[in-house]
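Notes follow the structure.
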Amino acid sequence: MQIRKATIADIETIQSIAKTTWANTYTFLPQGQIEYMLELMYSNNSLLEQMSNNHQFFVAINDEKIIGFASVSKQDENTCKLNKLYVLPTTQKTGAGKALLQRVVAYAKENGVKEIQLQVNRNNNAKDFYLKHGFTILYEADFEIGNGYFMNDYVMSLKLLF
């Protein structure tokens with residue numbers, strides 16, 4: 001398993017992984033909301049803007065194929081936000097998610113922050129992955145994202161030790 005920084009050349013693969021994982025993960029959301037959110041967060045323009053504005057993307061590679069990605073951004077001097085972490089359903093439980101998370105933690109430490117926060121849908125089993133890796137639930141929140149849609153999330157936190 002190799003983790004490397006993503007480049008603009010990886011955008012199409014990131015979009016493909018997002019579409020595949022979202023179709024499996026968010027079966028409880030209306031199809032219209034999934035399409036809206038994918039366009040909002042994964043369009044070419046959106047990803048280019050994220051990559052050029054403080055979002056560091058990493059990709060997980062196994063057998064020369066990208067099988068997952070993560071995105072992290074520094075929020076302030078003490079906090080990073082894990083914006084995205086997705087691994088293809090066929091390669092979950094292979095260590096790719098853990099490897100991506102470890103790289104995100106290393107990035108956060110390199111940037112001198114003391115905490116990583118994330119949002120995860122309350123119906124998403126990924127919550128258990130984060131709990132297993134030391135995150136705690138801070139609170140529940142409903143975030144309006146437009147078009148009458150909401151993200152019904154847990155906000156989670158991992159305190160970093162140096």
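Quick note: the coordinates plus some simple rules give every number you see, no bench work behind them. These numbers were taken from a predicted model, which means no experiment stands behind them. Backbone-built Cβ (ideal geometry, glycine too); neighbour counts: all protein chains shown.
A helix-only calculation puts the chain at -11000 deg cm²/dmol for mean residue ellipticity at 222 nm, using -39500 (n - 2.57) for each DSSP H run of at least four residues, averaged over all residues. Seen from TYR154, the other residues with C-beta closer than 15 Å to its C-beta sum to a net charge of 0, counting Lys and Arg as +1 and Asp and Glu as -1. Couplings for segment 63-73, taken from phi via the Karplus curve 6.51 cos²θ - 1.76 cosθ + 1.60 with θ = phi - 60°, read 6, 6, 10, 6, 10, x, 8, 9, 9, 9, 9 Hz in order; Gly and Pro are left as x. Legend: residue pairs LYS98/LYS159; LYS65/LYS93; LYS19/LYS109; LYS65/LYS114; LYS5/LYS81; LYS84/LYS159, Cα-Cα distance threshold 25 Å; pairs beyond threshold, LYS19/LYS109; LYS65/LYS114.
Taking the Cα centre of segment 2-159 as origin and assigning +1 to Lys and Arg Cβ atoms and -1 to Asp and Glu Cβ atoms, the resulting dipole is close to 620 debye. In order along segment 29-42, the Karplus-derived 3J(HN,Hα) couplings, from 6.51 cos²θ - 1.76 cosθ + 1.60 at θ = phi - 60°, round to 9, x, 4, x, 5, 4, 4, 4, 5, 4, 5, 4, 9, 10 Hz, and Gly and Pro are given as x.
Between THR20 and ASP128, the FRET efficiency estimated from the beta carbon spacing at R0 = 25 angstrom works out to 0.75. In the chain, the sites counted are GluC sites (Glu not before Pro) in DSSP loop states with at most 14 other Cβ atoms within 10 Å, and the longest stretch holding none of them, exclusive of the sites, is 78-162. In order along segment 154-161, phi translates into HN-Hα couplings of 9, 9, 10, 9, 10, 7, 9, 9 Hz, rounded to whole numbers, per the Karplus curve 6.51 cos²θ - 1.76 cosθ + 1.60 with θ = phi - 60° and x for Gly and Pro.
Subtracting the Cα-Cα distance of ARG4 and SER157 from their residue separation scaled by 0.36 nm leaves 52.7 nm.
Size descriptors for segment 1-82 (Cα atoms only): Rg and Dmax, in that order, 13.5, 38 Å.
Since only ALA106, ILE67, LEU118 are under comparison, the one whose Cα sits farthest along the positive direction of the charge dipole of the chain, derived from C-beta charges on Lys, Arg, Asp and Glu, is ALA106. Here's the picture: charge each Lys and Arg Cβ at +1 and each Asp and Glu Cβ at -1 in the chain, and of TYR154, THR27, PHE58 the one pushed furthest to the positive end of that dipole is PHE58.
Rg of the Cα atoms in the chain, relative to 2.2 N^0.38 Å, amounts to 0.98. Within the shell of other residues whose beta carbon sits under 12 angstrom from the beta carbon of LYS19, the net charge comes to -3, with Lys and Arg scored +1 and Asp and Glu -1.
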